[in-house]
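Just below is one structure, and these are the notes that go with it.
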Amino acid sequence: MNINDDLQARWWKLEEKLMGRFDKKPDMETILFLIGIQELGDIREKFTKEQKQDLMHVAVCTVLMPSGFYEIEEVDEDGWPHFKQLKALPDMNMIQQENFMKDHVLLYFDQQETV
């Protein structure tokens with residue numbers, strides 16, 4: 001078993017947990033959206049398209065913080081965090097990018113002990 005097999009097995013386990021909670025298999029965008037909502041702490045029925053994009057940005061920055069790519073610069077008056085990029089992301093092909101994000105999302109959920 002190589003490291004990618006382990007990553008995929010852990011990812012399927014996360015998807016399974018989320019399916020049990022939401023009755024639908026989530027894709028990466030959905031998982032990032034959920035992380036963004038959790039980090040913002042604002043659960044509402046509707047978000048604008050721009051807010052959804054902002055929530056996914058919050059999620060990406062948040063999951064990459066432990067690896068030193070981002071830090072929170074400030075939280076605005078509406079409670080939205082703003083991030084500062086500390087270092088460039090490595091050059092990766094699409095598969096490497098997907099695995100990179102999966103690994104960081106899994107680490108996030110491990111640290112949060114949520115789902």
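The values are calculated or read from the model by the stated rules, or taken from the named source; none is laboratory data. All values reported here derive from a predicted model rather than from experimental measurement. Cβ: placed from backbone, ideal geometry, glycine included. Neighbour counts: every protein chain shown.
Evaluating Asp54 against the criteria (1) without any contact (Cβ under 8 Å) to a residue 24 or more places away in the chain; (2) farther than 15 Å from Leu106 by Cβ; (3) surrounded by 11 or more Cβ atoms within 10 Å (Cβ to Cβ) leaves one unmet condition, (1).
Can you name the residue in segment 61-78 that is buried (at least 18 other Cβ atoms within 10 Å of the Cβ) and aliphatic (A, V, I, L, M) and is also farthest from Met28 (Cα to Cα) among such residues? Ranking the candidates gives Leu64 first.
Output the residue which, of all residues in segment 15-51 that are touching a helix residue (DSSP H, G or I) at 6+ places or on another chain (Cβ under 6 Å) and not β-branched (Val, Ile, Thr), is surrounded by the most Cβ atoms within 10 Å (Cβ to Cβ). Among those that are touching a helix residue (DSSP H, G or I) at 6+ places or on another chain (Cβ under 6 Å) and not β-branched (Val, Ile, Thr), it is Gly36.
If you go through segment 37-67 one residue at a time, how many are of a type in the set (Gly, Ala, Ser) and either over 12 Å from His82 (Cα atoms) or outside any helix (DSSP H, G or I) (or both)? The total comes to 2. A count restricted to segment 68-77 and to residues that are over 23 Å from Lys87 (Cβ atoms) and among the hydroxyl-bearing types (Ser, Thr, Tyr) stands at 0.
Can you find even one residue in segment 79-95 that is modelled with pLDDT of 95 or more, charged (D, E, K, R), loosely packed, with under 13 Cβ neighbours inside 10 Å and outside any loop (DSSP other than H, G, I, E, B)? Among the residues of segment 79-95, at least one is modelled with pLDDT of 95 or more, charged (D, E, K, R), loosely packed, with under 13 Cβ neighbours inside 10 Å and outside any loop (DSSP other than H, G, I, E, B), which makes the answer yes.
Can you tell me which residue among Glu74, Glu39, Glu98, Glu29 is without any contact (Cβ under 8 Å) to a residue 24 or more places away in the chain and of a type in the set (Asp, Glu)?
Of Glu74, Glu39, Glu98, Glu29, the one residue that is without any contact (Cβ under 8 Å) to a residue 24 or more places away in the chain and of a type in the set (Asp, Glu) is Glu74.
Check whether at least one residue in segment 47-55 is in contact with a Gly (Cβ under 6 Å, 6 or more places away or on another chain) and among the β-branched types (Val, Ile, Thr), and report yes or no. No, segment 47-55 has no match at all. If you go through segment 96-115 and pick out every residue that is at negative phi, surrounded by fewer than 15 Cβ atoms within 10 Å (Cβ to Cβ) and of a type in the set (Asp, Glu), you end up with 2.
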